[in-house]
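Reading through the structure tokens given below for one structure.
The values are calculated or read from the model by the stated rules, or taken from the named source; none is laboratory data. Since this is a predicted model, take the numbers as computed values, not measurements. All Cβ positions, glycine included, derive from the backbone under ideal geometry; neighbour counts span all protein chains shown.
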Amino acid sequence: MTPQTLARLHAAAFHDHRAWTANEFAQLIDSEHAFLTTHAHGFALWRAVAGEAELLTIAVDPAHQGQRIGHALMQEGIRLAETKADTAFLEVAQDNAAACALYDRFGFKVVARRPAYYQSGTGRTDALVMRAPLPAVRT
Ligand SMILES: CC(C)(COP(=O)(O)OP(=O)(O)OC[C@H]1O[C@@H](n2cnc3c(N)ncnc32)[C@H](O)[C@@H]1OP(=O)(O)O)[C@@H](O)C(=O)NCCC(=O)NCCS
């Protein structure tokens with residue numbers, strides 16, 4: 001998947017946030033630590049360093065959300081993460097119900113909270129830092 005396609009999908013999925021540019025994606029995927037899982041309508045970008053895998057971002061085209069594409073991307077990402085790390089972490093807005101439900105499925109638990117970290121509509125919402133042991137406990 002090209003940096004341009006990644007940026008397009010990211011902008012569509014995160015329509016109320018600053019989208020990451022194609023240049024930013026090009027630099028990220030160039031890193032020896034990065035790994036990417038893709039689908040025609042979405043992708044997930046990870047980084048694994050020193051035994052820890054971080055989900056940097058996951059995005060599914062809004063026209064195709066709710067079709068278990070996110071689940072498939074996580075499934076594949078976790079499978080790769082398990083070969084590179086013994087723990088996984090990520091950050092998510094507390095009010096992002098779809099993402100929280102998805103992460104819960106792969107055994108992620110909240111380990112920290114950053115109060116009022118994200119802009120959400122007209123207000124602010126907490127960021128949750130979630131962590132999962134690898135191999136992941138899938139439910
Ligand atoms: C989060 C995201 C990647 C999920 O992808 P998706 O393909 O829509 O999700 P899936 O169809 O695989 O569903 C994943 C889970 O979320 C649940 N879900 C989906 N949409 C939901 C919604 N609007 N509200 C609550 N739960 C929802 C599903 O029921 C499923 O849970 P289950 O396994 O318990 O049934 C996608 O919604 C997205 O790109 N959102 C915008 C970008 C974003 O927020 N990324 C995450 C940032 S941390």
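Return the only residue of 68, 79 being closer than 15 Å to residue 105 by Cβ, more than 13 Å from the ligand (Cβ to nearest atom) and out of contact with any strand residue (DSSP E or B) (no Cβ under 6 Å at 6 or more places or on another chain). Lay out the reasoning, then the answer.
Numbers: 68 fails: more than 13 Å from the ligand (Cβ to nearest atom).
After applying the criteria, what remains is 79.
Answer with yes or no whether residue 48 is in a strand (DSSP E or B), touching a strand residue (DSSP E or B) at 6+ places or on another chain (Cβ under 6 Å), touching a residue at least 12 places away in the same chain (Cβ under 8 Å) and over 19 Å from residue 2 (Cβ atoms). Considered against the rule, which asks whether it is in a strand (DSSP E or B), touching a strand residue (DSSP E or B) at 6+ places or on another chain (Cβ under 6 Å), touching a residue at least 12 places away in the same chain (Cβ under 8 Å) and over 19 Å from residue 2 (Cβ atoms), residue 48 comes out as no. Of all the residues in the range 6-40, those that are surrounded by fewer than 18 Cβ atoms within 10 Å (Cβ to Cβ) and assigned to a loop (DSSP other than H, G, I, E, B) number 11.
With respect to the conditions (1) at pLDDT 95 or above; (2) within 11 Å of the ligand (Cβ to nearest atom); (3) in contact with a strand residue (DSSP E or B) (Cβ under 8 Å, 6 or more places away or on another chain), residue 31 falls short on a single one, namely (2). With respect to the stated conditions, residue 99 is touching a residue at least 12 places away in the same chain (Cβ under 8 Å) and near the ligand (Cβ under 10 Å from one of its atoms).
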